[in-house]
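Engineer: Please see the structure below; I have some questions.
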Amino acid sequence: MPIAFVTGASSGIGRATAVALAQAGFGLVVCGRRPERLAELAAELAPTPVHILVFDVRDRAATEAAVATLPPAFQAIDVLINNAGGAHGLEPIQHGNPADWDAMLDANVRGLLHVTHALLPGFTARKGGFILNVSSVAGRDAYANGNVYCASKAAVSMLTRTMRLDLLPLRIRVAEINPGAVETEFSEVRFKGDKARAAKVYDGFQPLSPQDVAEVIVFMVTRPPHVNLADVVLLAGAQGAASIIYRE
Ligand code: 8X3
């Protein structure tokens, strides 16, 4: 049974991707910071074999230590879904909060590197595997007040493209998906728990669901080895670009 390792699996796109991968026949390593949520997910996925790893991707030592505890049945990772991350704040740069900037760069960029670094020895030894990075349309389309979040996702996209080149001789495929508006805890986290402001983001149109994104991710990582669907932009039907949304 192929094994997929999903970060940020306690909610949103990560959780939906874990469910969809289980349905597609993968065993799973589900990672996150919230053990109760991960336990609930594992119970929902039964009888799929699931191993839970609780750690924060921002912490490199904790990431390496968590990966080192994987039991033998979950050590040969075939697919890594670098999904953990998020946005904090939506303010003009002159009013930005440097702690929010750190949080975004630490999780979205450094966190992705920490997890990738921890898993690469296994991929390298087995000469194969698939790394899928969850980036964002925010990495391509500048929008007002997006500043550091947009920059962090642009970094994810550039890392994806450069990693693909570096890992080519090892036959490790690397790809990215760039979702647009997906209704998850994303906006609630961005607006620090302000549910009303978060709900407004998805007002007047049908956003993508986490399942919509998960379906495409499963399609990408289950192509045969001679195929790499390397770069996908997945918008809501009512969305023309990151900040251009037709609302009724
Ligand atoms: C989330 C999409 O456009 O709200 O990554 O930044 S957007």
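Engineer: Could you tell me whether any residue of segment 168-183 is touching a residue at least 24 places away in the same chain (Cβ under 8 Å), within 12 Å of the ligand (Cβ to nearest atom) and in a helix (DSSP H, G or I)?
Structural biologist: Checked against the condition, which is being touching a residue at least 24 places away in the same chain (Cβ under 8 Å), within 12 Å of the ligand (Cβ to nearest atom) and in a helix (DSSP H, G or I), segment 168-183 yields no hits at all.
Engineer: Here are some conditions: (1) open to solvent by 70 Å² or more (accessible area, probe 1.4 Å); (2) in contact with a helix residue (DSSP H, G or I) (Cβ under 9 Å, 6 or more places away or on another chain). GLU40 meets all but one. Which one does it not meet?
Structural biologist: So the condition that GLU40 fails would be (2).
Engineer: Do we have any residue at all in segment 219-238 that's open to solvent by less than 50 Å² (accessible area, probe 1.4 Å), within 16 Å of the ligand (Cβ to nearest atom), out of contact with any Gly (no Cβ under 8 Å at 6 or more places or on another chain) and outside any helix (DSSP H, G or I)?
Structural biologist: Yes, there is a match, as at least one residue in segment 219-238 is open to solvent by less than 50 Å² (accessible area, probe 1.4 Å), within 16 Å of the ligand (Cβ to nearest atom), out of contact with any Gly (no Cβ under 8 Å at 6 or more places or on another chain) and outside any helix (DSSP H, G or I).
Engineer: Let me ask something else about it. What number of residues within segment 105-150 satisfy the criterion of being hydroxyl-bearing (Ser, Thr, Tyr), away from the ligand (no atom under 14 Å from the Cβ) and in contact with an Asp or Glu (Cβ under 6 Å, 6 or more places away or on another chain)?
Structural biologist: 0
Engineer: Does VAL67 satisfy the criteria of being in contact (Cβ under 8 Å) with a residue 60 or more places away in the chain and aliphatic (A, V, I, L, M)?
Structural biologist: Considered against the rule, which asks whether it is in contact (Cβ under 8 Å) with a residue 60 or more places away in the chain and aliphatic (A, V, I, L, M), VAL67 comes out as no.
Engineer: Another question, then. Residues in segment 82-95: is at least one in a strand (DSSP E or B), open to solvent by less than 10 Å² (accessible area, probe 1.4 Å) and in contact (Cβ under 8 Å) with a residue 24 or more places away in the chain?
Structural biologist: Yes - at least one qualifying residue is present in segment 82-95.
Engineer: Ok, one more. Could you go through segment 190-202 and let me know if any residue there is within 16 Å of the ligand (Cβ to nearest atom), part of a helix (DSSP H, G or I), open to solvent by less than 40 Å² (accessible area, probe 1.4 Å) and out of contact with any helix residue (DSSP H, G or I) (no Cβ under 6 Å at 6 or more places or on another chain).
Structural biologist: yes
Engineer: Further question on the same structure: Return yes or no: is LEU165 within 16 Å of ALA107 (Cα to Cα), in a helix (DSSP H, G or I), open to solvent by 20 Å² or more (accessible area, probe 1.4 Å) and more than 8 Å from the ligand (Cβ to nearest atom)?
Structural biologist: no
Engineer: Could you say whether any residue in segment 115-128 is outside any helix (DSSP H, G or I), under 16 Å from ARG190 (Cβ atoms) and touching a residue at least 60 places away in the same chain (Cβ under 8 Å)?
Structural biologist: No: zero hits.
Engineer: Additional query: Taking TYR149 and the conditions (1) open to solvent by less than 20 Å² (accessible area, probe 1.4 Å); (2) over 19 Å from ILE245 (Cβ atoms), which numbered condition does it fall short on, given that it satisfies the others?
Structural biologist: Result: TYR149 fails condition (2) only.
The values are calculated or read from the model by the stated rules, or taken from the named source; none is laboratory data. Given the structure is predicted, the values throughout are model-derived calculations rather than measurements. Neighbour counts are summed over all protein chains in view; Cβ atoms, including those assigned to glycine, are modelled from backbone coordinates with ideal geometry. Just so you know, the surface numbers come from the protein's heavy atoms only, side chains and all, with ligands and any DNA or RNA stripped out. Shrake-Rupley method; radii C 1.70, N 1.55, O 1.52, S 1.80 Å.
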